[in-house]
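Report on the structure given below.
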Amino acid sequence: MDKISVAEARKAEAVGKRVCLQGWVRTRRDSKGGFSFIELNDGSCQGNVQVVAPGDLANYEAVVKHLHTGASVVIEGEVKASPAKGQATEILASRVELVGDASTETYPLQKKGHGFEFLREIAHLRPRTNTFGAVTRLRHQVSMSIHQFFHERGFYYIHTPIVTASDCEGAGALFRVTTIDPDAPPRAEGKVDYTKDFFHKPAYLTVSGQLQGEAFACALGKIYTFGPTFRAENSNTPRHLAEFWMIEPEMAFYELTDNMELAEAFLKRIISDALKFCMEDLKFFADRLENNKGLFEKLENVLNNPFRRVSYTEGVEILLKSGKTWEFPVAWGSDLQSEHERYLAEQHFKCPVILYDYPRTLKPFYMKVNDDGKTVRAMDVLVPGVGEIIGGSQREERLDVLESRMKEQGLNPEGYSWYCDLRRYGTVPHSGFGLGLERTILFLSGMANIRDVIPFPRTPGNAEF
Ligand code: ATP
Ligand code: MN
């Protein structure tokens, strides 16, 4: 007898096999004919398999007729072709073993659907819901596609540090890492003395692996990172998490246009793999989520059309001419908000847009300054439904320009001397970008809130579980 998954048991090829299944009861229904139907799920696919438990099982009255939603069971039996509509197979059970019961009174996941906000309060049990099963399988597939895409193209996977003493963006929004006792910190000259701290200087959780990634790109050519990323911004939006996963490729001898090409091929590969391997789950998202009927049309459209490349300056002109009233006003030199990004991708161009050459004042010191002196070689990829999904740039490879940009942004080049060394010795034009994994899942699924596409979300005021 083979131990098989529900996904395998649902396939017609399984008919005739004696099998063992292990999983959780979704529902039980007792038939007047003296037998019961058990809908079994084990997370291997969106659908359940129907188990027919005959009345002559030894524990039928004592156990089977009391199986509750949420209980864990082991089922042995034979896979049969199912007469019922919508399923190829069912299991005729010869043994049903209750492993762990779940009380109908207290088990929070009853048959009917639950709101996502409620499910966040039981984030340890929401993996058992159809939606979170689908999200989890999709996240897995996307992660695999990312590794495969880069591996096939000769990129190396680099593990950059989580704890860092350099602030990549040169801005705030950092979580401090310290072993100093907050009630009795060592002091020097009236301030907390971080030279007495664990790392002998202030340290933080990383906001990006880019700077360290550049060191490896400037030696191994093409690398990527894929790891947890932390931002302490107090932004309570459906697109921001305090802890999220970012993928950051970095390539030596790459200009901005090479970078754009890679970003486009990368996103398209992720989409086409999702359509190939996650169809059942994508269909579930399209059918069950509000305002998501157009999911496949959206994905196909992005997959089959070239991304539009538009300069920031052109983008601003389009927004100014749009005649729309914005919550945040548009002006050359100010940052674009989600409403602007989405307007460009969803309404104006109706396809993904790569906005490039942003004002230098908006972007970090490491982005390459254009000859006009006013803009930098930045690029953001904007997609329908989400807005910014990728942020990237060509990096400044000229030491003198880099140092003056640091000073301009109030940073001390000495604090970044190792980073400057990459320009001091064998400098090359190089580029890279960051893709947010959760934003990618939002885009692919049509889920509305980023808290619902990561196993245990961390947001301002929330680090439960
Ligand atoms: P935004 O303007 O949307 O806040 P950003 O410009 O700060 O994003 P980058 O520093 O360019 O973001 O980060 C690269 C990518 O990481 C973004 O394009 C996005 O996909 C993702 N990302 C950034 N911040 C967050 C966050 N707080 N939560 C989830 N994903 C994020
Ligand atoms: Mn960005």
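The values are calculated or read from the model by the stated rules, or taken from the named source; none is laboratory data. The shown structure was predicted, so the numbers you read here are calculated from the model rather than taken from an experiment. We place every Cβ from the backbone using ideal geometry, glycine too, and count neighbours over all the protein chains shown.
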Query - Given (1) under 23 Å from Arg10 (Cβ atoms); (2) within 29 Å of the chain's Cα centre (by Cα), index of the condition Gln110 fails - result: (1)
Requested in this report: State whether the residues of segment 456-463 include one that is outside the structural domain of Ala263 (by TED's automatic domain parsing), β-branched (Val, Ile, Thr) and away from ligand 2 (no atom under 14 Å from the Cβ).
Outcome: yes
Report summary line: Within segment 198-233, the residues that are of a type in the set (A, V, I, L, M) and in a strand (DSSP E or B) are Ala203, Leu205, Ile223
Query raised in the report: So, in segment 315-357, of the ones that are over 28 Å from Asp258 (Cβ atoms) and polar (S, T, N, Q), which residue ends up nearest to the chain's Cα centre (by Cα)?
Result: Gln337
Query - Among (1) within 11 Å of ligand 1 (Cβ to nearest atom); (2) over 30 Å from Glu300 (Cα atoms), the one test that Asp372 misses - result: (1)
**Report entry** Filter result for Leu411 (surrounded by fewer than 19 Cβ atoms within 10 Å (Cβ to Cβ) and within 15 Å of ligand 1 (Cβ to nearest atom))
**Finding:** no
Requested in this report: Any chance you could count how many residues in segment 14-46 are touching a Leu at 6+ places or on another chain (Cβ under 9 Å) and of a type in the set (Lys, Arg)?
Outcome: 2
Query raised in the report: Which residues, counting only those in segment 378-407, are surrounded by fewer than 24 Cβ atoms within 10 Å (Cβ to Cβ) and basic (Lys, Arg)?
Result: Arg398, Arg405, Lys407
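Yes/no matrix, rows are residues, columns are (1) more than 15 Å from ligand 1 (Cβ to nearest atom); (2) more than 15 Å from the chain's Cα centre (by Cα); (3) of a type in the set (Phe, Trp, Tyr); (4) under 23 Å from Gln210 (Cα atoms):
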| site | (1), (2), (3), (4) |
| --- | --- |
| Ser393 | no, yes, no, yes |
| Val428 | yes, yes, no, yes |
| Pro455 | no, no, no, no |
| Arg458 | no, no, no, yes |
Query raised in the report: How many residues are more than 25 Å from Gln22 (Cα to Cα) and among the aliphatic types (A, V, I, L, M) if we restrict to segment 99-121?
Result: 0
Requested in this report: Hey, can you tell me all the residues within segment 242-258 that are touching a helix residue (DSSP H, G or I) at 6+ places or on another chain (Cβ under 9 Å) and either closer than 14 Å to Thr206 by Cα or not assigned by TED's automatic domain parsing to the domain that holds Leu355 (or both)?
Outcome: Phe244, Trp245, Met246, Ile247, Glu248
Report task. Could you figure out which of (1) of a type outside the set (Phe, Trp, Tyr); (2) at pLDDT 95 or above; (3) surrounded by 15 or more Cβ atoms within 10 Å (Cβ to Cβ) isn't true of Pro161? Result -> (3)
Query - Pairs with Cβ under 7 Å, 6+ apart, first in segment 152-167 and free of Cβ contacts under 8 Å to residues at least 60 places away in the same chain, second of a type in the set (D, E, K, R) - result: Ala165/Lys201
Report summary line: Of the residues in segment 226-239 that are away from ligand 2 (no atom under 16 Å from the Cβ) and closer than 17 Å to Tyr157 by Cβ, the one that is surrounded by the fewest Cβ atoms within 10 Å (Cβ to Cβ) is Pro228
**Report entry** segment 92-123, subset of a type outside the set (Asp, Glu) and in a strand (DSSP E or B), residue nearest to Glu464 (Cα to Cα)
**Finding:** Gly100
Requested in this report: Kindly indicate whether Tyr254 is away from ligand 2 (no atom under 16 Å from the Cβ), part of a loop (DSSP other than H, G, I, E, B) and touching a strand residue (DSSP E or B) at 6+ places or on another chain (Cβ under 6 Å).
Outcome: yes
Report summary line: Those residues of segment 1-46 that are in a loop (DSSP other than H, G, I, E, B) and either closer than 18 Å to Arg95 by Cα or in contact with a strand residue (DSSP E or B) (Cβ under 8 Å, 6 or more places away or on another chain) (or both) come to a total of 13
Report task. Would you please name the residue that is surrounded by the most Cβ atoms within 10 Å (Cβ to Cβ), looking only at residues in segment 66-91 that are in contact with an Asp or Glu (Cβ under 6 Å, 6 or more places away or on another chain) and not in a loop (DSSP other than H, G, I, E, B)? Result -> Lys80
Report summary line: Picked from segment 432-443 (must be within 10 Å of the chain's Cα centre (by Cα) and more than 7 Å from ligand 1 (Cβ to nearest atom)), the residue farthest from Arg288 (Cα to Cα) is Leu437
Report summary line: Among the residues of segment 292-303, the number that are surrounded by fewer than 17 Cβ atoms within 10 Å (Cβ to Cβ) and at pLDDT 95 or above is 6
Query - Condition met for Thr313 (among the β-branched types (Val, Ile, Thr), over 22 Å from Ile390 (Cβ atoms) and in the same structural domain as Asp380 (by TED's automatic domain parsing)) - result: no
